[in-house]
Amino acid sequence: MSMVDEPLYPIAVLIDELKNDDIQLRLNSIRKLSTIARALGEERTRRELIPFLGENNDDDDEVLLAMAEELGVFIPFVGGVEHAHVLLPPLEMLCTVEETCVRDKAVESLCRIGLQMRESDLVEYFIPLVKRLASGEWFTARVSSCGLFHIAYPSAPEMSKIELRSMYSLLCQDDMPMVRRSAASNLGKYAATVEYAHLKADTMSIFEDLTKDDQDSVRLLAVEGCAALGKLLEPQDCVTHILPVIVNFSQDKSWRVRYMVANQLYELCEAVGPEPTRTELVPAYVRLLRDNEAEVRIAAAGKVTKFCRILNPDLSIQHILPCVKELSTDSLQHVRSALASVIMGMAPVLGKDATIEQLLPIFLSLLKDEFPDVRLNIISKLDQVNQVIGINLLSQSLLPAIVELAEDRHWRVRLAIIEYIPLLASQLGVGFFYDKLGALCMQWLQDKVHSIREAAANNLKRLAEEFGPEWAMQHIIPQVLEMISNPHYLYRMTILHAISLLAPVMGSEITRSELLPIVITASKDRVPNIKFNVAKVLESIFPIVDQSVVEKTIRPSLVELSEDPDVDVRFFSNQALHAMDHVMMSS
């Protein structure tokens, strides 16, 4: 008997499954709510299913979380927006549970529903719900209510608006820190809906109270409010109300609050504007760069380039650069790493002369840092400096350090250098590059780490693309082909991989005359791994050469490999033969 034929069946099964001891069964039942609602129809969903869910007192948070999520997209199943209000009671119940993630999801679903509700329904159903939660006896209800004010306020009648503003003010002064935290966290969204006159008077008064809260967890959320409120206020009001708060926060006794200021600094600067930043926030930022707490210095160091962009070069050199020099020798490696990830971006801000005089020595010291992440962060951004000081100066000052890092004991540093090589090659030019770095490119093919050898093969392909097949034929191919006789089979495999990458770049003639004979010779290797890699290489290069070469040279070699005693060699050679046959048939 189908669900539609027996209308009592879905709700009966749902009730049974929601009361089952097996949590997975209860969870599956909740996740099938939309299916059940379709079977019941809109009217019975409103009349039976939603009230039943409102009475559901499941004590498992996972089930309640799934229910909160499902109800957020349930408007089509209850008959559209005119009946959306029937979904509010079960979500109101979920807003009061103890588990934070359930409450957050219920608030999210209420916001989603509230945005779609008609204004008259918001006044009749949604605003009273917010008021009930805001004046709830249990703190969980009051915490949840803070996230709903920005939906309720715009549609509220004048008298209700007065009441809502008063309620939000009380929530910001609640005895429970969790409620004040929620109020501080949602202040920006709520303030965006309040009329400007009330924003300046009431909301800023609330904000100032939160910034003086005795709990650092409330104050650090108020830091986020600085940026949000700053965007809503007129520039002059922003300087009057927000700027003093930021300056005070940068000296807060709690390092978490100072960390939040350092982390949000660029957004805060945007809020107050460039001129007050230059006059008022530079000393605050310098304090954060020299903070006793390492976490604060890390956050501040990560913003140094963005902050310097707001200032003029002279101010950056005078105030920020001395701090940058100190941070480059900081005792904590994570501080140096955070600085290294952004310091290269200072070069375009400071200009050529200041970069050469002031920044280059810092780059060199960070390139020689004992911590690999610091070196990596500098290497990956070298192109930003090149744009400012030019390749000649860069090669004189930084190239010796790059060559040294190419043999770094940490393989990830060597890998970063390899990935940077094609960019460096295009900047240095063909002659200069090969004189200085050519030997290194070959040396990496015999590295002990597989990832380095693989990257080195890919690097040769990119160099051949950059400088052309003729240059590659003269400088790369002879040295690569010499290495095929290396006694270690892993290095011989790397050469085969390099050949498969170089062949498409080198073209048909060079592949036939220079590369293919080496691959055919390798098919006689005693190591099975080499032989099945030969089959893979032949499969990749047969489309490049003429059909006559395929039939005279490649096919006979693959046929021979397909009769090899090793199962893998037979598999890959047969795969290559099938690929060749398929191409021939289709052409």
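Taking the criterion of being of a type in the set (A, V, I, L, M, F, W, C) and not in a helix (DSSP H, G or I), would at least one residue in region 46-65 satisfy it? No: region 46-65 contains no residue that is of a type in the set (A, V, I, L, M, F, W, C) and not in a helix (DSSP H, G or I). When region 86-103 is filtered for residues that are in contact (Cβ under 8 Å) with a residue 40 or more places away in the chain and either under 26 Å from the mean Cα position of the chain (by Cα) or not in a helix (DSSP H, G or I) (or both), the ones remaining, listed by number, are Cys95, Thr96, Val97, Glu98, Cys101, Val102.
Conditions (1) in contact (Cβ under 8 Å) with a residue 40 or more places away in the chain; (2) buried (at least 20 other Cβ atoms within 10 Å of the Cβ); (3) in contact with a helix residue (DSSP H, G or I) (Cβ under 8 Å, 6 or more places away or on another chain); (4) farther than 24 Å from Leu87 by Cα, marked per residue:
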site: Arg132; (1), (2), (3), (4): yes, no, yes, no
site: Ser145; (1), (2), (3), (4): yes, yes, yes, no
site: Gln173; (1), (2), (3), (4): no, no, yes, yes
site: Pro177; (1), (2), (3), (4): yes, no, yes, yes
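Would you check if there is a residue in region 63-73 being out of contact with any strand residue (DSSP E or B) (no Cβ under 6 Å at 6 or more places or on another chain), open to solvent by 60 Å² or more (accessible area, probe 1.4 Å) and in contact (Cβ under 8 Å) with a residue 12 or more places away in the chain? Taking every residue of region 63-73 in turn, at least one turns out to be out of contact with any strand residue (DSSP E or B) (no Cβ under 6 Å at 6 or more places or on another chain), open to solvent by 60 Å² or more (accessible area, probe 1.4 Å) and in contact (Cβ under 8 Å) with a residue 12 or more places away in the chain. Take the conditions (1) at pLDDT below 80; (2) of a type in the set (A, V, I, L, M, F, W, C); (3) under 32 Å from the mean Cα position of the chain (by Cα); Ala201 misses just one of them, which is (3). Contact map, region 214-234: residues that are open to solvent by 40 Å² or more (accessible area, probe 1.4 Å) paired with residues that are among the hydroxyl-bearing types (Ser, Thr, Tyr) and in a helix (DSSP H, G or I), Cβ distance under 9 Å, separation 6+ or inter-chain. Pairs shown: Glu224/Ser185; Leu232/Tyr196; Leu232/Thr203; Glu234/Tyr196. Considering only residues in region 344-361 that are under 28 Å from the mean Cα position of the chain (by Cα) and assigned to a helix (DSSP H, G or I), the one that is surrounded by the most Cβ atoms within 10 Å (Cβ to Cβ) turns out to be Met346. Among the residues making up region 541-587, those that are in contact (Cβ under 8 Å) with a residue 24 or more places away in the chain and of a type in the set (Val, Ile, Thr) are Ile541, Ile544, Val545, Val549, Val550, Thr553, Ile554, Val569, Val583.
For Val257, the stated conditions hold: it is touching a Phe, Trp or Tyr at 6+ places or on another chain (Cβ under 8 Å) and either open to solvent by 30 Å² or more (accessible area, probe 1.4 Å) or closer than 26 Å to Gly188 by Cβ (or both).
Filtered by the rule that a residue be modelled with pLDDT of 85 or more, open to solvent by 40 Å² or more (accessible area, probe 1.4 Å) and within 41 Å of the chain's Cα centre (by Cα), region 468-478 gives a lone residue, Pro469.
For region 386-405, a tally of residues being open to solvent by less than 40 Å² (accessible area, probe 1.4 Å) and modelled with pLDDT of 70 or more returns 4.
Would you be able to say whether some residue in region 207-217 is more than 24 Å from Val179 (Cα to Cα), out of contact with any strand residue (DSSP E or B) (no Cβ under 8 Å at 6 or more places or on another chain) and of a type in the set (Asp, Glu)? Checked region 207-217: no residue is more than 24 Å from Val179 (Cα to Cα), out of contact with any strand residue (DSSP E or B) (no Cβ under 8 Å at 6 or more places or on another chain) and of a type in the set (Asp, Glu). Of the residues making up region 264-289, those that are open to solvent by 10 Å² or more (accessible area, probe 1.4 Å), within 30 Å of the chain's Cα centre (by Cα) and at pLDDT 85 or above are Val286, Arg287.
The values are calculated or read from the model by the stated rules, or taken from the named source; none is laboratory data. Quick caveat, the model's predicted, so the values are computed rather than measured. All Cβ positions, glycine included, derive from the backbone under ideal geometry; neighbour counts span all protein chains shown. Note: accessible area is taken over every heavy atom of the protein model, side chains too, but ligands, DNA and RNA are not part of it. Shrake-Rupley method; radii C 1.70, N 1.55, O 1.52, S 1.80 Å.
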